[in-house]
Amino acid sequence: MYSISTDLAVEAKEYIEQQNKSEINGVEYLEKVDDDVKVATVKVLTDEGAKTLGRPKGTYITIDIPSYAHYDSDTMDSLSRTMAKELSQLVKLDNNETALVVGLGNRMVTPDALGPKVVSKLMVTRHLKELVPESIDDDIRPVCAMAPGVLGTTGIETVEIIKGVVEKIKPKLIICIDALASRKLDRVNSTIQIGTSGISPGAGIGNHRLSISEEVLGIPVIAIGVPTVVHATTLAHDTIEMVLDDLSSKSTEGSSFHRVITELNEDKEALIKEILAPRLGDLVVTPKEVDLIIESLSKIIANAINISLQPALDLDDINRYLN
(Lines give C-alpha, C1' and ligand atoms only; values in the text may rest on other atoms or scores of the structure.)
Protein backbone atom coordinates (compact mmCIF):
# COMPACT_ATOMS: atom_id res chain seq x y z
CA MET A 1 0.00 0.00 0.00
CA TYR A 2 1.15 3.56 -0.73
CA SER A 3 2.37 5.13 2.52
CA ILE A 4 1.42 8.66 3.58
CA SER A 5 4.28 10.34 5.47
CA THR A 6 3.37 12.37 8.53
CA ASP A 7 4.87 13.24 11.90
CA LEU A 8 1.46 14.05 13.40
CA ALA A 9 -0.14 11.35 15.54
CA VAL A 10 -3.63 12.75 14.89
CA GLU A 11 -3.10 12.46 11.12
CA ALA A 12 -1.74 8.93 11.40
CA LYS A 13 -4.80 7.98 13.46
CA GLU A 14 -7.21 9.56 10.95
CA TYR A 15 -5.54 7.88 7.98
CA ILE A 16 -5.24 4.40 9.50
CA GLU A 17 -8.84 4.40 10.77
CA GLN A 18 -10.03 5.59 7.36
CA GLN A 19 -8.15 2.77 5.65
CA ASN A 20 -9.23 0.11 8.15
CA LYS A 21 -12.74 1.54 8.61
CA SER A 22 -12.47 0.96 12.36
CA GLU A 23 -11.00 2.59 15.46
CA ILE A 24 -7.52 1.64 16.64
CA ASN A 25 -7.45 -0.57 19.74
CA GLY A 26 -5.34 0.85 22.55
CA VAL A 27 -5.56 4.44 21.31
CA GLU A 28 -7.71 7.05 23.05
CA TYR A 29 -8.85 10.30 21.42
CA LEU A 30 -10.07 13.40 23.24
CA GLU A 31 -11.08 16.76 21.80
CA LYS A 32 -11.89 20.12 23.36
CA VAL A 33 -12.00 23.85 22.62
CA ASP A 34 -9.98 26.25 24.77
CA ASP A 35 -10.48 29.98 24.13
CA ASP A 36 -11.72 29.23 20.58
CA VAL A 37 -8.68 27.02 19.92
CA LYS A 38 -9.23 23.33 19.09
CA VAL A 39 -7.07 20.97 21.15
CA ALA A 40 -7.02 17.26 20.26
CA THR A 41 -5.23 14.63 22.36
CA VAL A 42 -4.19 11.19 21.15
CA LYS A 43 -3.10 8.80 23.89
CA VAL A 44 -1.31 5.63 22.82
CA LEU A 45 -1.96 3.32 25.75
CA THR A 46 -0.89 -0.17 24.64
CA ASP A 47 1.80 -1.91 22.63
CA GLU A 48 -0.85 -2.97 20.12
CA GLY A 49 -1.96 0.62 19.68
CA ALA A 50 1.65 1.77 19.28
CA LYS A 51 2.33 -0.85 16.62
CA THR A 52 -0.81 -0.01 14.63
CA LEU A 53 -0.33 3.75 14.86
CA GLY A 54 3.41 3.56 14.25
CA ARG A 55 4.07 5.79 17.28
CA PRO A 56 5.59 4.99 20.70
CA LYS A 57 3.29 4.86 23.69
CA GLY A 58 2.64 8.31 25.09
CA THR A 59 0.49 11.41 24.81
CA TYR A 60 0.28 13.55 21.66
CA ILE A 61 -1.48 16.90 21.96
CA THR A 62 -2.41 18.77 18.77
CA ILE A 63 -3.27 22.48 18.86
CA ASP A 64 -4.87 24.07 15.78
CA ILE A 65 -3.67 27.54 14.82
CA PRO A 66 -6.16 29.95 13.17
CA SER A 67 -4.95 31.16 9.76
CA TYR A 68 -4.99 34.81 10.87
CA ALA A 69 -2.92 34.14 14.02
CA HIS A 70 0.37 34.99 12.32
CA TYR A 71 -0.84 38.54 11.72
CA ASP A 72 -2.47 39.26 15.09
CA SER A 73 -0.38 39.67 18.27
CA ASP A 74 -3.36 39.19 20.63
CA THR A 75 -4.22 35.87 18.99
CA MET A 76 -0.58 34.81 19.21
CA ASP A 77 -0.55 35.55 22.94
CA SER A 78 -3.82 33.65 23.39
CA LEU A 79 -2.36 30.65 21.58
CA SER A 80 0.75 30.80 23.76
CA ARG A 81 -1.40 30.69 26.89
CA THR A 82 -3.49 27.79 25.57
CA MET A 83 -0.36 25.87 24.63
CA ALA A 84 1.20 26.67 28.02
CA LYS A 85 -1.81 25.12 29.80
CA GLU A 86 -1.27 21.84 27.96
CA LEU A 87 2.51 21.95 28.35
CA SER A 88 2.35 22.77 32.07
CA GLN A 89 0.52 19.49 32.71
CA LEU A 90 3.58 17.65 31.37
CA VAL A 91 6.27 19.74 33.10
CA LYS A 92 7.09 18.09 36.44
CA LEU A 93 9.82 20.23 38.02
CA ASP A 94 10.67 21.69 41.39
CA ASN A 95 11.79 25.32 41.43
CA ASN A 96 15.45 24.35 41.85
CA GLU A 97 15.48 21.74 39.07
CA THR A 98 16.92 22.60 35.66
CA ALA A 99 15.14 22.36 32.33
CA LEU A 100 17.11 22.08 29.08
CA VAL A 101 15.43 23.35 25.91
CA VAL A 102 16.88 22.12 22.61
CA GLY A 103 16.13 23.77 19.28
CA LEU A 104 16.60 21.16 16.57
CA GLY A 105 17.08 21.97 12.89
CA ASN A 106 19.16 23.96 10.46
CA ARG A 107 18.97 27.71 11.15
CA MET A 108 20.11 28.40 7.56
CA VAL A 109 17.06 26.68 6.00
CA THR A 110 13.90 28.62 6.87
CA PRO A 111 11.37 25.73 7.05
CA ASP A 112 13.84 23.87 9.28
CA ALA A 113 14.80 26.85 11.45
CA LEU A 114 11.89 26.70 13.90
CA GLY A 115 13.90 25.11 16.73
CA PRO A 116 16.83 27.58 16.68
CA LYS A 117 14.37 30.49 16.33
CA VAL A 118 12.46 29.38 19.43
CA VAL A 119 15.68 29.05 21.43
CA SER A 120 16.61 32.65 20.55
CA LYS A 121 13.38 33.87 22.22
CA LEU A 122 13.56 31.89 25.46
CA MET A 123 13.96 33.19 28.98
CA VAL A 124 17.22 31.48 30.02
CA THR A 125 18.02 31.78 33.73
CA ARG A 126 20.41 29.01 34.79
CA HIS A 127 23.48 31.23 34.58
CA LEU A 128 21.75 33.96 36.62
CA LYS A 129 20.71 31.51 39.32
CA GLU A 130 24.34 30.42 39.61
CA LEU A 131 26.14 33.77 39.24
CA VAL A 132 23.78 36.28 40.87
CA PRO A 133 21.35 34.22 42.97
CA GLU A 134 20.59 37.18 45.24
CA SER A 135 19.10 39.04 42.27
CA ILE A 136 16.79 36.21 41.17
CA ASP A 137 13.53 35.27 42.87
CA ASP A 138 13.52 31.80 44.45
CA ASP A 139 10.46 30.88 42.36
CA ILE A 140 12.36 31.33 39.09
CA ARG A 141 13.40 27.99 37.66
CA PRO A 142 16.86 27.48 36.12
CA VAL A 143 16.45 27.12 32.35
CA CYS A 144 19.18 26.65 29.76
CA ALA A 145 18.95 26.25 26.00
CA MET A 146 20.96 25.14 22.99
CA ALA A 147 20.66 24.80 19.22
CA PRO A 148 23.11 21.98 18.34
CA GLY A 149 22.73 22.20 14.56
CA VAL A 150 22.33 19.22 12.23
CA LEU A 151 24.50 16.21 11.43
CA GLY A 152 25.27 17.51 7.94
CA THR A 153 27.00 20.63 9.31
CA THR A 154 28.43 19.35 12.61
CA GLY A 155 29.36 15.77 11.75
CA ILE A 156 28.00 14.77 15.15
CA GLU A 157 24.72 13.03 15.88
CA THR A 158 22.44 15.51 17.64
CA VAL A 159 21.62 13.07 20.42
CA GLU A 160 25.36 12.68 21.14
CA ILE A 161 25.69 16.44 21.69
CA ILE A 162 22.60 16.52 23.91
CA LYS A 163 23.79 13.49 25.87
CA GLY A 164 27.11 15.20 26.62
CA VAL A 165 25.33 18.31 27.88
CA VAL A 166 22.92 16.22 29.97
CA GLU A 167 25.79 14.37 31.64
CA LYS A 168 27.48 17.69 32.48
CA ILE A 169 24.60 19.88 33.73
CA LYS A 170 22.17 17.12 34.81
CA PRO A 171 18.80 18.68 33.89
CA LYS A 172 15.59 17.02 35.08
CA LEU A 173 13.65 17.69 31.87
CA ILE A 174 14.37 18.22 28.16
CA ILE A 175 12.06 20.08 25.79
CA CYS A 176 12.90 19.66 22.10
CA ILE A 177 11.51 21.78 19.27
CA ASP A 178 11.66 20.64 15.66
CA ALA A 179 10.04 21.16 12.26
CA LEU A 180 7.78 18.31 11.15
CA ALA A 181 6.14 17.00 7.98
CA SER A 182 2.39 16.72 7.41
CA ARG A 183 0.19 14.65 5.11
CA LYS A 184 -2.34 17.47 4.67
CA LEU A 185 -1.58 20.84 3.17
CA ASP A 186 -4.06 22.61 5.46
CA ARG A 187 -2.08 21.49 8.52
CA VAL A 188 1.21 22.96 7.30
CA ASN A 189 2.22 25.81 9.63
CA SER A 190 -1.20 25.62 11.30
CA THR A 191 -0.75 22.83 13.87
CA ILE A 192 1.43 22.48 16.96
CA GLN A 193 2.06 18.99 18.33
CA ILE A 194 3.28 18.30 21.86
CA GLY A 195 4.42 14.73 22.55
CA THR A 196 5.84 12.83 25.52
CA SER A 197 7.66 10.08 23.63
CA GLY A 198 10.63 12.08 22.36
CA ILE A 199 11.59 12.72 18.76
CA SER A 200 13.74 11.42 15.91
CA PRO A 201 15.27 14.45 14.13
CA GLY A 202 14.64 14.47 10.37
CA ALA A 203 12.26 11.50 10.42
CA GLY A 204 9.52 13.46 8.67
CA ILE A 205 11.62 13.94 5.54
CA GLY A 206 13.23 10.50 5.60
CA ASN A 207 16.45 11.38 7.45
CA HIS A 208 16.15 8.98 10.37
CA ARG A 209 18.53 9.91 13.19
CA LEU A 210 18.98 8.41 16.63
CA SER A 211 15.99 9.26 18.81
CA ILE A 212 16.04 11.89 21.52
CA SER A 213 13.98 10.16 24.19
CA GLU A 214 13.83 9.23 27.85
CA GLU A 215 15.00 5.72 26.97
CA VAL A 216 18.21 7.12 25.48
CA LEU A 217 18.86 10.09 27.80
CA GLY A 218 17.44 8.84 31.09
CA ILE A 219 15.20 11.88 31.76
CA PRO A 220 11.76 12.88 30.45
CA VAL A 221 11.70 14.41 26.97
CA ILE A 222 8.85 16.58 25.70
CA ALA A 223 8.82 17.11 21.94
CA ILE A 224 7.19 20.15 20.33
CA GLY A 225 6.83 20.37 16.58
CA VAL A 226 5.06 22.16 13.77
CA PRO A 227 4.65 20.68 10.26
CA THR A 228 6.38 23.23 8.03
CA VAL A 229 6.52 21.06 4.90
CA VAL A 230 4.34 18.59 3.03
CA HIS A 231 5.59 15.84 0.71
CA ALA A 232 5.01 16.47 -2.99
CA THR A 233 3.66 12.93 -3.38
CA THR A 234 1.06 13.74 -0.72
CA LEU A 235 -0.04 16.78 -2.71
CA ALA A 236 -0.30 14.62 -5.81
CA HIS A 237 -2.30 12.01 -3.89
CA ASP A 238 -4.79 14.56 -2.56
CA THR A 239 -5.10 16.31 -5.94
CA ILE A 240 -5.81 13.07 -7.80
CA GLU A 241 -8.31 12.06 -5.12
CA MET A 242 -10.22 15.35 -5.43
CA VAL A 243 -10.28 15.18 -9.23
CA LEU A 244 -11.53 11.58 -9.26
CA ASP A 245 -14.17 12.30 -6.60
CA ASP A 246 -15.40 15.29 -8.60
CA LEU A 247 -15.56 13.29 -11.85
CA SER A 248 -17.31 10.43 -10.06
CA SER A 249 -19.98 12.76 -8.64
CA LYS A 250 -20.68 14.19 -12.08
CA SER A 251 -20.89 10.85 -13.91
CA THR A 252 -23.90 8.56 -14.20
CA GLU A 253 -23.70 5.62 -11.82
CA GLY A 254 -23.43 2.37 -13.73
CA SER A 255 -22.05 4.00 -16.88
CA SER A 256 -18.76 2.82 -18.39
CA PHE A 257 -17.14 6.17 -17.54
CA HIS A 258 -18.24 5.88 -13.89
CA ARG A 259 -16.78 2.35 -13.72
CA VAL A 260 -13.45 3.59 -15.10
CA ILE A 261 -13.34 6.43 -12.54
CA THR A 262 -14.18 4.02 -9.72
CA GLU A 263 -11.39 1.65 -10.77
CA LEU A 264 -8.91 4.53 -10.99
CA ASN A 265 -9.96 5.72 -7.53
CA GLU A 266 -9.32 2.27 -6.10
CA ASP A 267 -5.92 2.04 -7.82
CA LYS A 268 -4.72 5.63 -7.24
CA GLU A 269 -2.28 4.68 -4.50
CA ALA A 270 -0.61 2.10 -6.75
CA LEU A 271 -0.46 4.66 -9.57
CA ILE A 272 1.27 7.21 -7.34
CA LYS A 273 3.72 4.61 -6.06
CA GLU A 274 4.61 3.40 -9.54
CA ILE A 275 4.52 6.64 -11.54
CA LEU A 276 4.90 9.72 -9.34
CA ALA A 277 6.97 8.58 -6.36
CA PRO A 278 10.08 7.65 -8.41
CA ARG A 279 9.98 11.06 -10.15
CA LEU A 280 9.20 13.23 -7.11
CA GLY A 281 11.24 11.24 -4.61
CA ASP A 282 11.59 13.00 -1.25
CA LEU A 283 10.63 16.41 -2.62
CA VAL A 284 8.87 18.54 0.00
CA VAL A 285 6.93 21.79 -0.41
CA THR A 286 6.43 24.77 1.90
CA PRO A 287 4.30 27.95 1.54
CA LYS A 288 6.00 31.03 0.07
CA GLU A 289 5.33 33.16 3.18
CA VAL A 290 7.28 30.71 5.36
CA ASP A 291 9.68 33.40 6.66
CA LEU A 292 6.89 35.38 8.33
CA ILE A 293 5.18 32.26 9.61
CA ILE A 294 8.30 30.73 11.19
CA GLU A 295 8.93 34.02 12.98
CA SER A 296 5.41 34.12 14.47
CA LEU A 297 5.40 30.40 15.30
CA SER A 298 8.68 30.75 17.16
CA LYS A 299 7.17 33.55 19.28
CA ILE A 300 4.05 31.52 20.07
CA ILE A 301 6.03 28.43 21.09
CA ALA A 302 8.76 30.30 22.97
CA ASN A 303 6.20 32.21 25.05
CA ALA A 304 4.32 28.98 25.81
CA ILE A 305 7.55 27.35 27.01
CA ASN A 306 8.47 30.43 29.03
CA ILE A 307 5.06 30.47 30.75
CA SER A 308 5.09 26.73 31.51
CA LEU A 309 8.65 26.75 32.87
CA GLN A 310 8.16 29.93 34.89
CA PRO A 311 4.69 29.62 36.49
CA ALA A 312 5.57 32.39 38.97
CA LEU A 313 5.60 34.90 36.10
CA ASP A 314 2.92 36.01 33.67
CA LEU A 315 3.49 36.79 30.01
CA ASP A 316 3.92 40.52 30.65
CA ASP A 317 6.70 39.80 33.17
CA ILE A 318 8.41 37.46 30.71
CA ASN A 319 8.22 39.99 27.89
CA ARG A 320 9.75 42.65 30.13
CA TYR A 321 12.62 40.31 30.94
CA LEU A 322 13.25 39.51 27.27
CA ASN A 323 13.07 43.16 26.20
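The values are calculated or read from the model by the stated rules, or taken from the named source; none is laboratory data. Predicted model, so just to flag it, every value in this text is computed and none were measured. Ideal geometry is used to build each Cβ from the backbone, glycine not excepted, and the neighbour counts take in all protein chains shown.
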Those residues of segment 284-303 which are hydrophobic (A, V, I, L, M, F, W, C) and closer than 11 Å to residue 121 by Cβ amount to 297, 300, 301, 302
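Is there a residue in segment 88-95 that is among the acidic types (Asp, Glu), surrounded by fewer than 23 Cβ atoms within 10 Å (Cβ to Cβ) and outside any loop (DSSP other than H, G, I, E, B)?
No.
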In the same structural domain as residue 199 (by TED's automatic domain parsing), out of contact with any Lys or Arg (no Cβ under 7 Å at 6 or more places or on another chain), in contact (Cβ under 8 Å) with a residue 40 or more places away in the chain and farther than 28 Å from residue 142 by Cβ: does that describe residue 297? no
Is it the case that segment 272-288 has a residue that's of a type in the set (A, V, I, L, M, F, W, C) and closer than 30 Å to residue 85 by Cβ? no
Determine whether residue 39 is within 17 Å of the chain's Cα centre (by Cα) and part of a helix (DSSP H, G or I). no
Please count how many residues of segment 98-123 are of a type in the set (A, V, I, L, M, F, W, C) and closer than 18 Å to residue 284 by Cα. 4
In segment 125-139, the residues that are closer than 16 Å to residue 311 by Cα and either loosely packed, with under 15 Cβ neighbours inside 10 Å or at pLDDT below 90 (or both): 136, 137, 138, 139
Which of the residues belonging to segment 296-307 are surrounded by fewer than 24 Cβ atoms within 10 Å (Cβ to Cβ) and more than 16 Å from the chain's Cα centre (by Cα)? 307
Select from segment 150-171 the residues that are within 30 Å of residue 96 (Cβ to Cβ) and either under 22 Å from the mean Cα position of the chain (by Cα) or hydroxyl-bearing (Ser, Thr, Tyr) (or both) and list them in ascending order. 158, 159, 160, 161, 162, 163
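Only strands (runs of 3 or more DSSP E) wholly contained in segment 145-239 count here; list those with 3 or more residues that are surrounded by 23 or more Cβ atoms within 10 Å (Cβ to Cβ), in contact (Cβ under 8 Å) with a residue 40 or more places away in the chain and touching a Gly at 6+ places or on another chain (Cβ under 6 Å). Outline the logic, then answer.
Values: elements: 173-182, 191-195, 221-231.
Because the criterion is at least 3 residues that are surrounded by 23 or more Cβ atoms within 10 Å (Cβ to Cβ), in contact (Cβ under 8 Å) with a residue 40 or more places away in the chain and touching a Gly at 6+ places or on another chain (Cβ under 6 Å), the strands (runs of 3 or more DSSP E) in segment 145-239 that meet it are 173-182.
With respect to residue 33, determine if the residue is crowded, with 19+ Cβ neighbours inside 10 Å and either at pLDDT below 95 or within 19 Å of the chain's Cα centre (by Cα) (or both).
Details: crowded, with 19+ Cβ neighbours inside 10 Å: no; either at pLDDT below 95 or within 19 Å of the chain's Cα centre (by Cα) (or both): yes.
No, not satisfied.
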Any hit, segment 315-322, residues being among the β-branched types (Val, Ile, Thr), touching a His at 6+ places or on another chain (Cβ under 7 Å), surrounded by 17 or more Cβ atoms within 10 Å (Cβ to Cβ) and assigned by TED's automatic domain parsing to the domain that holds residue 75: no
Neighbours by Cβ (under 7 Å, 6+ apart or cross-chain): first from segment 94-122, touching a residue at least 40 places away in the same chain (Cβ under 8 Å) and more than 20 Å from residue 161 (Cα to Cα); second surrounded by fewer than 17 Cβ atoms within 10 Å (Cβ to Cβ) and among the acidic types (Asp, Glu): 95/138; 95/139; 110/291
